[in-house]
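Here the structure comes first, spelled out in structure tokens, and everything after it is commentary.
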Amino acid sequence: MTRIRPFMPDNDSQPFGFGATASLQNSYTFTLRNYTLLIAFAHREILVNMVGGVLTEDYPLPYNTTKSQFVSFSGYPNPDLPTPIATGGDLNKVVANITLTGTLFGSKDPLPTNLTLADPSWDCTNMTKGEGKFANFTSVCCIPNPNHMPKEEIISTDEYYDRLIDPATDYQPRYIGNITISYDVLLTYAGSYLAQVTVTNKDELTRLDQWKLSWKWRRNEFIYSIKGAYTSVTGSSECLFGPQGKYYQGMDFTNVTNCQRNPTVLDLPPWRYNDSDVGRIPYCCRNGTIFPKMVNASAYKSAFQMLVFKMPPDLDRFRLYSPDNFTITSASPMSHQYKCSEPMRVSPNDFPDPSGLSLNSTAVASWHVTCNITSTITPKCCVSFSAYYNESVMPCRTCACGCPAITTGPPCSTKAPAALIPQEALLQRYDNRTLKQLQWAEKNHLILPNPLPCGDYCGLNINWHILNQTTNKDYFNARMTIMNWDNFSYADWYLTVKINPAFVSFSRSVGMNTSTVGNDTLILTAGNINTSYLIGVSNDSHPGMQQGVIMFNELMNMKLQNGDGNPVKVYFNGMECSMPEGILSDTTTSRAQKTSGHSILALVLFTMLVNLLIIGS
């Protein structure tokens, strides 16, 4: 480190010229492919020159490192590090050295504060600094992170040793997460390649609606054309005024689809599938809806293809790089948030022959990305219990979907348990039930807290009502009602109900299609195309509504008044709903005197059906 002009009286402002080498050594049993090294500089360093690597973001030099917490480096011209086993321990092959020169400010402790890998499947937390003659040296040991990926592909022992010996078969394992993204190069040419991107839902419950997929090009690539999907922005201005326009001077950029470094891709609507210009790609054109496989085995993945043009020095047809920084989002209020891994080079994927012949074609190169749900989010739906043997309803719990920081109207308690309500109050939104709640408490001599409990604040309510056993006391039926108070409408909705011990007695359903999974789960979907769309509310008086009746063969030793006929968990479109705080026994309030199992919800449904028949006739 050398003090350079201008000479400053304040040491913290004094510039120093420095030289440093960042070394990365692969001591593991799999090739480190497309590695990205992250360095946290601490002295306002300005990078002037670099050998053995490039800035991953492809920023020009000199580069001001204060723009971000970490500066990202990629290997160049060799982006991969083979294993010691495959190279006989040759350090020239398993070690990458990135030599840096530049300027820093201040002479105290010139070392970076952190060294790590961008790939979260590696844990690089134990950084150590040298002492004495090694005071200008710092290092970190990275070990595989067992918590990052839940499951690894199963391979044979022979294949494992093949990977250790032959770099050509040294691919990363395929990990299984909630969502997987496959980036496959199908055809490669000088200066371009045809890629297929496939998004697969591996989760048993959740779905994607109107998905948006984004990534970052690493080496100035651009999308010339796309089929099976479309980009949120079209145009070629970024190419015309960038390095692409300088290199491809003879290209007509009016035909280029997208030149963004961070493109966003969306699925096409179904009616574009037969469009020969933009459709005709298997698994495309479902308006961005991807179901769990156990709900719809024909619609659990989406795919699209694009022609990608490359830039020097990657014009060789076998010099291939995948984009990185993949993100995927879903537009539904019932959607989770996902965090995606870095792309991993895997063995080439096989694709069935489109002609129907019993043969497969193999991709030129494949990359695998795993996206996992980041955390549990606040529920967006809630469940209430009611039954023929009690006139009251055990409503959704207080603040079931979270309480807003600022509320309108009279003050309410976020801690008090939800108060019982009459069954007709279910047809009113949580913030319009106060009068009926007070009247019901007075009629049944119930003590209410002051202030009253806050509402559930959920856009979607689900009521589970146990119907009266009018003819046979050895079986029971339950009616499930979905009420949508949200402005968002749900197409092709489904419910997942975990119910014990009543599951073993399940017989059939009316108004909904039902399938069983495992030993405690029912999957409920719309009974026909006319009920597959759960509309949103247009005003606060009438929610969108769907109903169905689930039939159970025998009671055995179940006691309905103890909650044996109620579900223990309910999921709407894969989102777990908040469950009530208790069960509804026949002594919670006065026992119902009616012998009929009909309630106000059934009456509303009957009226709706009669009106529908009159209109239809």
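In the range 327-380, which strands (runs of 3 or more DSSP E) lie fully inside it and hold 3 or more residues that are under 15 Å from the mean Cα position of the chain (by Cα) and in contact (Cβ under 8 Å) with a residue 24 or more places away in the chain?
Result: 338-340, 365-373.
Just to be sure, is Leu266 under 16 Å from Thr327 (Cα atoms), in contact with a Gly (Cβ under 8 Å, 6 or more places away or on another chain), part of a strand (DSSP E or B) and not polar (S, T, N, Q)?
So Leu266 passes the test.
Mind listing whichever residues of the range 317-358 are open to solvent by 70 Å² or more (accessible area, probe 1.4 Å) and at pLDDT below 90?
Arg317, Phe318, Arg319, Pro352, Pro354, Ser355, Leu357, Ser358
Quick one: would you say Pro9 is open to solvent by less than 80 Å² (accessible area, probe 1.4 Å) and either at pLDDT below 90 or not aliphatic (A, V, I, L, M) (or both)?
Spelling it out, it is not the case that Pro9 is open to solvent by less than 80 Å² (accessible area, probe 1.4 Å) and either at pLDDT below 90 or not aliphatic (A, V, I, L, M) (or both).
Does the range 55-71 contain at least one residue that is among the hydroxyl-bearing types (Ser, Thr, Tyr), touching a helix residue (DSSP H, G or I) at 6+ places or on another chain (Cβ under 8 Å) and surrounded by 19 or more Cβ atoms within 10 Å (Cβ to Cβ)?
no
Would you check which residues across the range 486-515 are in contact with a Pro (Cβ under 9 Å, 6 or more places away or on another chain), among the hydrophobic types (A, V, I, L, M, F, W, C) and surrounded by fewer than 19 Cβ atoms within 10 Å (Cβ to Cβ) and list them?
Phe488
Would you be able to tell me the number of residues in the range 462-471 that are touching a helix residue (DSSP H, G or I) at 6+ places or on another chain (Cβ under 9 Å) and either open to solvent by less than 10 Å² (accessible area, probe 1.4 Å) or on the phi > 0 side of the Ramachandran plot (or both)?
Total satisfying the criteria: 3.
Identify the residue in the range 111-125 that is in contact with a strand residue (DSSP E or B) (Cβ under 6 Å, 6 or more places away or on another chain) and of a type outside the set (A, V, I, L, M) and, among all such residues, is farthest from Asn136 (Cα to Cα).
The selected residue is Asp123.
Is it the case that the range 229-246 has a residue that's open to solvent by 60 Å² or more (accessible area, probe 1.4 Å), touching a Lys or Arg at 6+ places or on another chain (Cβ under 7 Å) and not in a strand (DSSP E or B)?
No; the residues of the range 229-246 include none that is open to solvent by 60 Å² or more (accessible area, probe 1.4 Å), touching a Lys or Arg at 6+ places or on another chain (Cβ under 7 Å) and not in a strand (DSSP E or B).
Pick from the range 365-401 the residues that are touching a strand residue (DSSP E or B) at 6+ places or on another chain (Cβ under 8 Å) and aliphatic (A, V, I, L, M): which of them is surrounded by the most Cβ atoms within 10 Å (Cβ to Cβ)?
Here the answer is Ala387.
Which condition from (1) at positive phi; (2) touching an Asp or Glu at 6+ places or on another chain (Cβ under 8 Å) is the one that Arg280 breaks?
Just one mismatch for Arg280, condition (2).
Looking at the range 12-54, which of the residues that are of a type in the set (S, T, N, Q) and open to solvent by less than 20 Å² (accessible area, probe 1.4 Å) is farthest from Pro144 (Cα to Cα)?
Residue satisfying both the conditions and the ranking: Gln14.
Out of the range 435-454, which residues are part of a helix (DSSP H, G or I), of a type in the set (A, V, I, L, M, F, W, C) and free of Cβ contacts under 8 Å to residues at least 40 places away in the same chain?
Answer for the range 435-454, where residues must be part of a helix (DSSP H, G or I), of a type in the set (A, V, I, L, M, F, W, C) and free of Cβ contacts under 8 Å to residues at least 40 places away in the same chain: Leu435, Leu438, Ala441.
One line per residue, one yes/no per condition, for (1) surrounded by fewer than 14 Cβ atoms within 10 Å (Cβ to Cβ); (2) among the aliphatic types (A, V, I, L, M):
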residue	(1), (2)
Asn530	yes, no
Ile535	no, yes
His542	yes, no
Val549	no, yes
Phe552	no, no
Lys559	yes, no
Asp564	no, no
Pro567	no, no
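The values are calculated or read from the model by the stated rules, or taken from the named source; none is laboratory data. Remember, it's a predicted structure, so these values are computed and weren't measured experimentally. Methodologically, a virtual Cβ is constructed for each residue, glycine included, from the backbone with ideal geometry; neighbour enumeration extends over all protein chains shown. Note: areas computed on protein heavy atoms with side chains; ligands, DNA, RNA excluded. Shrake-Rupley method; radii C 1.70, N 1.55, O 1.52, S 1.80 Å.
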